[in-house]
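Written below as structure tokens is the structure these notes are about.
The values are calculated or read from the model by the stated rules, or taken from the named source; none is laboratory data. Just so it is clear, the structure is predicted and the values come from calculations on it, not from any experiment. Methodologically, a virtual Cβ is constructed for each residue, glycine included, from the backbone with ideal geometry; neighbour enumeration extends over all protein chains shown. What goes into the accessible areas is simple: the full protein's heavy atoms, side chains included, and nothing from ligands, DNA or RNA. Shrake-Rupley method; radii C 1.70, N 1.55, O 1.52, S 1.80 Å.
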Amino acid sequence: MSGVTHSDADLATTIGPPAAPTSTGTSSRAKRWRPRGPQTAASRAAAWFLAPSLLVIGGFFFLPVLAALALSLTDFDIYALADPGTARFVGIKNYVELAQSAEFWQALWNTCYFVFVGGPLSVAVSLGAALLVSAKVVRLKGLWRTIFFAPVVTTLVAVAVVWRYLYNAEYGLLNVGLGAIGLPGVDWLGDPNWAMPAIIGLAVWKNFGYNMVIFIAGLAGVSEDLYDAAKIDGAGAWARFRHVTLPALAPTFLFVGVITMIGYFQLFAEPYVMTEGGPLRSTVSVVYLMYEEGFKFWNLGYASAVAFVLFALMMIGTLIQLRLQRKDDA
């Protein structure tokens with residue numbers, strides 16, 4: 001063994017400073033490495049569970065929508081059903097003809113009348129029913145909720161038969177009631193001025209129970225402390241409703257307003273069962289026009305164009321409501 005000793009300075013000089021880590025060293029490997037923990041495994045599991053539903057939605061919704069969009073750019077008709085090769089690409093011709101069609105504008109007016117009159121009326125009736133069955137003084141709340149919700153699950157054909165008797169010009173219950181108070185009877189389904197209001201009455205009665213349930217859930221989330229504080233401040237029933245209930249129900253109003261608007265824009269079953277679009281086409285809706293063009297006259301390209309115009313209208317209406325909600329929140 002050598003007896004020569006080395007100082008710390010000699011060792012430092014001999015060994016040199018520690019080498020700096022290179023760009024391909026440990027630090028880069030640490031940047032590239034990502035832990036594969038339970039969260040990643042849960043994400044993969046969620047993707048596998050969602051995949052079947054997404055495939056079904058894509059196959060039965062998105063693909064038909066894309067096919068309908070392509071169809072709206074052709075003159076696909078009854079002859080093309082036998083030989084699809086006879087269908088021709090016409091671009092936006094169907095949309096141009098639609099814009100020039102007086103019948104389409106009449107159907108659009110009827111639909112907008114139904115949406116902007118029947119929609120708010122349905123929401124108001126739903127809110128009133130929800131407030132009624134949620135009141136503390138009301139007993140048998142479950143029974144009343146069942147009664148009010150029953151029309152929603154009732155078959156429309158059965159409802160239409162009953163309401164046609166109510167609207168009958170000669171012996172209908174409504175005209176009997178009008179006669180009892182000295183007013184003349186109304187030809188509800190035969191007068192162009194009254195046919196659409198009659199359908200609105202049926203639709204409101206048929207559908208208000210669904211929105212009522214949503215409003216009941218919204219009212220259950222309003223804290224009683226807010227009402228107690230308002231009472232202490234001297235607020236009456238109307239002031240509490242205006243300054244406590246309505247602001248607390250703002251998200252519920254948005255949801256109910258959007259789904260009601262979308263549902264009412266798709267008006268079809270009521271005029272189809274009650275009036276068949278009459279009298280004088282006063283109850284023809286956009287969807288009813290689409291049905292006639294597509295399944296009575298077999299102008300499937302034109303009917304697809306009607307469907308996409310309706311889709312655009314519903315999208316615009318939804319965006320407007322979302323924008324108004326954001327302004328109120330701001």
Can you pull out every residue in the range 77-89 that is under 11 Å from Gly301 (Cα atoms) and open to solvent by 40 Å² or more (accessible area, probe 1.4 Å)?
Asp77, Ile78, Arg88, Phe89
Quick one: Glu292 ticks every box in (1) more than 21 Å from the chain's Cα centre (by Cα); (2) surrounded by 19 or more Cβ atoms within 10 Å (Cβ to Cβ) bar one, so which box is it?
(2)
Is one or more of the residues making up the range 226-247 modelled with pLDDT of 90 or more and under 22 Å from the mean Cα position of the chain (by Cα)?
yes
Scanning the range 304-324 residue by residue, those open to solvent by less than 60 Å² (accessible area, probe 1.4 Å) and free of Cβ contacts under 8 Å to residues at least 12 places away in the same chain turn out to be Ala312
Looking only at residues that are in contact (Cβ under 8 Å) with a residue 24 or more places away in the chain and in a helix (DSSP H, G or I) in the range 61-76, which one is farthest from Asn299 (Cα to Cα)?
Leu69
In the range 186-224, which residues are open to solvent by 70 Å² or more (accessible area, probe 1.4 Å), assigned to a helix (DSSP H, G or I) and of a type in the set (D, E, K, R)?
Glu224
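Before we move on, is Gly118 open to solvent by 20 Å² or more (accessible area, probe 1.4 Å), assigned to a helix (DSSP H, G or I), farther than 25 Å from Leu69 by Cβ and not β-branched (Val, Ile, Thr)?
When the stated conditions are applied, Gly118 does not pass them.
Output the residues belonging to the range 228-240 that are loosely packed, with under 15 Cβ neighbours inside 10 Å and not small (Gly, Ala, Ser).
Listed by number, the residues that qualify are Asp228, Lys231, Ile232, Asp233, Trp238.
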How many residues of the range 141-185 are more than 20 Å from Gly209 (Cα to Cα), under 34 Å from the mean Cα position of the chain (by Cα) and either surrounded by 14 or more Cβ atoms within 10 Å (Cβ to Cβ) or of a type in the set (Asp, Glu) (or both)? The answer is 5
Within the range 295-303, is even one residue closer than 21 Å to Val123 by Cβ and either among the hydrophobic types (A, V, I, L, M, F, W, C) or open to solvent by 20 Å² or more (accessible area, probe 1.4 Å) (or both)?
no
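This table checks each residue for (1) touching a helix residue (DSSP H, G or I) at 6+ places or on another chain (Cβ under 9 Å); (2) modelled with pLDDT of 90 or more.
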{"residue": "Leu249", "(1), (2)": "yes, yes"}
{"residue": "Thr252", "(1), (2)": "yes, yes"}
{"residue": "Thr260", "(1), (2)": "yes, yes"}
{"residue": "Tyr264", "(1), (2)": "yes, yes"}
{"residue": "Ala269", "(1), (2)": "yes, yes"}
{"residue": "Pro279", "(1), (2)": "yes, yes"}
{"residue": "Val309", "(1), (2)": "yes, yes"}
{"residue": "Met315", "(1), (2)": "no, yes"}
{"residue": "Ala330", "(1), (2)": "no, no"}
Could you go through the range 88-109 and let me know if any residue there is in contact with a helix residue (DSSP H, G or I) (Cβ under 6 Å, 6 or more places away or on another chain), farther than 18 Å from Ala305 by Cα and in a helix (DSSP H, G or I).
no
For the range 266-289, enumerate the residues that are crowded, with 21+ Cβ neighbours inside 10 Å and under 25 Å from the mean Cα position of the chain (by Cα).
Leu267, Glu270, Pro271, Met274, Thr283, Val284, Ser285, Val286, Tyr288, Leu289
Go through (1) under 30 Å from Leu280 (Cα atoms); (2) more than 24 Å from the chain's Cα centre (by Cα) for Leu202 and report which single condition fails.
(2)
Meets criteria (crowded, with 17+ Cβ neighbours inside 10 Å, at pLDDT below 95 and β-branched (Val, Ile, Thr)) for Val133:
yes
Tell me, which residue of the range 248-265 that is among the aliphatic types (A, V, I, L, M) and within 16 Å of the chain's Cα centre (by Cα) is least open to solvent (accessible area, probe 1.4 Å)?
Val256
